[in-house]
Amino acid sequence: MNPRWLLGIAALWLALWIPPLRRALETDMALHMAVQLPLLIGIGVGIAAFVREREPRWFADADWLGIPGIVAVVLGTSFWMLPRALDQAVADPPVDLVKFLTLPLLVGLPLGLSWRRMPPLGRAFIWANFIPKLGAIGGLYLAAPVRLCAYYRLDQQATAGWVLIGIAVALGLAWFIAAFVGRPVRPHRDPELPRAAIGNIAIERPFN
Amino acid sequence: MTRGFPILLALVLASGLAALAFETEGFRVATTAGARQLAVARAPRLLPDVRLVDQDGEPFSLAAYRGRPMLIDFIYTRCPTLCGVLGDDLGRIEQLIDAAGAPAPFDLLSISFDPQNDDREALRLYGERFGAKPPHWRIAAPADAAGLAALLQSFGVVVIPDGLGGFAHDDAIYLVDGQGRLARILEADEPNQLLADISELMRP
């Protein structure tokens, strides 16, 4: 991986931490949960692309089938989904710094490294768990008559609920298409080809 | 699989679950309000002495209540929603106390966190709306900004703008014991449970 990419990732990381952007993303619950948190995880996934070539052999072996890595991802995301943790991150800059370090390094990085080691069925299992859970959390936010976060209003909580449901539906749809229809690898563009050949698309394993 | 696998997995599980247990107080709470309720029940919190002014313009200090348990709620008088519910709740508690006949076991105090808008007249009108009679039930505002900040901090009350010119805030009722300590946080969103809790507390 080009080290220049790493510089870009570091710049994004820093930019997200600088108060105007950090505050802007954290004053709204939906932006906090559906934009800032995924971006921080994405930063870690980006770092993983750089670390992968330099990963020590013993670590790659210890992360058997990507299991320890994906367990770290599940526990880390569960932690930062807690309303109390979100509140503390908003109210307390040192806690926010912990979030800014742990989401990329203890969630995104293991996700990027372990995902490739997981068997296809394992990946499908994670998707099949993650998508309904995301939708259920969204539904919970919509249905809750009380505010779950001290720092977010009830209407913001409802918006966050809709956004999470929207993401769950979009991911579910994308996954459904990938699983049942497959992904076009080399679409035929030649208008001279017969119809049957145009529809002939190679099936790849979903979400590799 | 190598020998490293069980070690790495155990490490990840142990540290991750420990962090979750820490944040949820042993998997018991998920919200800031829940954690605060638990913390207060575990260790009553000594409150600062703050100067306030009530609806009759009478200055008093929180410490003057020492020796008498009290119930406190936090309001702002322009509040179109929650503060009305809180006012009704305290009004019903007042009726419960009156009906009991014995010397009142609690004093009631509604504290405005919006002293800029809540002048003496606004406090008086809010009190009249719910039948508050000082000094037994005072509607008051902190005398200065530092006092307000100290109160919100010590009670753990978070007040945020609601985007419509008002505030979003909690709907809890705070029990302060005779030693001036925040001893219990009662949720006001279940009025029947609240009144049952109060009756329980009133029992000699």
query = For region B:44-202, which semi-axes, largest first and in whole Å, follow from the square roots of 5 times the eigenvalues of its Cα gyration tensor?
reply = 22, 18, 16
key: Exercise: per-residue mean of other protein chain Cβ atoms within 10 Å, B:4-12   = 6
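With +1 assigned to the C-beta of every Lys and Arg and -1 to the C-beta of every Asp and Glu, and no other charges, what is the dipole magnitude of region B:1-116 about the Cα centre in debye, to the nearest 20?
On the way: 10 positive and 13 negative charges, 164 e Å.
The calculation lands at about 780 debye.
Sum -39500 (n - 2.57) across every DSSP H segment of at least 4 residues in chain A, then divide by the residue count to get the 222 nm mean residue ellipticity, nearest 500.
Per the formula, -21000 deg cm²/dmol.
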Residue-count net charge about B:VAL158 - beta-carbon cut-off 11 Å; Lys, Arg +1, Asp, Glu -1 = 0
key: Pairwise centroid distance, computed over Cα atoms, of region A:1-49 with region B:27-94, Å   = 40
request  = Using just the helices of chain B, give the 222 nm mean residue ellipticity in deg cm²/dmol: DSSP H runs with n ≥ 4 each add -39,500 (n - 2.57), and the total is spread over all residues, rounded to 500.
outcome  = -13500 deg cm²/dmol
query = In Å, what is the Rg of the alpha-carbon atoms in chain A, and how long is Dmax?
reply = 19.6, 64
remark   = With +1 on the Cβ of every Lys and Arg and -1 on the Cβ of every Asp and Glu, the dipole magnitude of region A:3-183 about its Cα centre, in debye rounded to the nearest 20, is 320
task = Compute the distance in nm between two label points, each set 7 Å from the Cα along the Cα-to-Cβ direction, one at B:ARG92 and one at B:LEU17.
result = 4.2
note = Those chymotrypsin sites (Phe, Trp or Tyr not before Pro) from region B:7-66 that are DSSP loop and have at most 15 other Cβ neighbours within 10 Å turn out to be B:PHE27
DSSP bridge pairs, chain B: antiparallel proportion in percent, nearest 5 = 65
remark   = Cα-based Rg and Dmax for the protein assembly as shown, in Å, come out at 27.5, 97
query = Length gain on complete extension for the stretch A:ARG57 to A:VAL181, per 0.36 nm per residue less the alpha carbon to alpha carbon distance?
reply = 41.0 nm
note = With R₀ set to 35 angstrom, the calculated FRET efficiency between the beta-carbons of B:THR81 and A:ASP96, to the nearest 0.05, is 0.70
task = Enter the Cα centre distance for the pair region B:153-204 and region B:107-141, rounded to the nearest angstrom.
result = 16
query = Among A:MET29, B:MET202, what is the fewest-to-most ranking by other Cβ atoms within 10 Å?
reply = B:MET202, A:MET29
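Suppose we keep just the DSSP beta bridges with both residues in the protein assembly as shown; what percent of those would be antiparallel, to 5?
In the protein assembly as shown, approximately 65 percent of DSSP beta bridges are antiparallel ones.
Coordinate-derived values only; no laboratory data. As the structure is a computational prediction, the values presented were derived from the model and not from experiment. For neighbour counting, all protein chains shown are included, and Cβ atoms are generated from backbone atoms with ideal geometry for every residue, glycine included.
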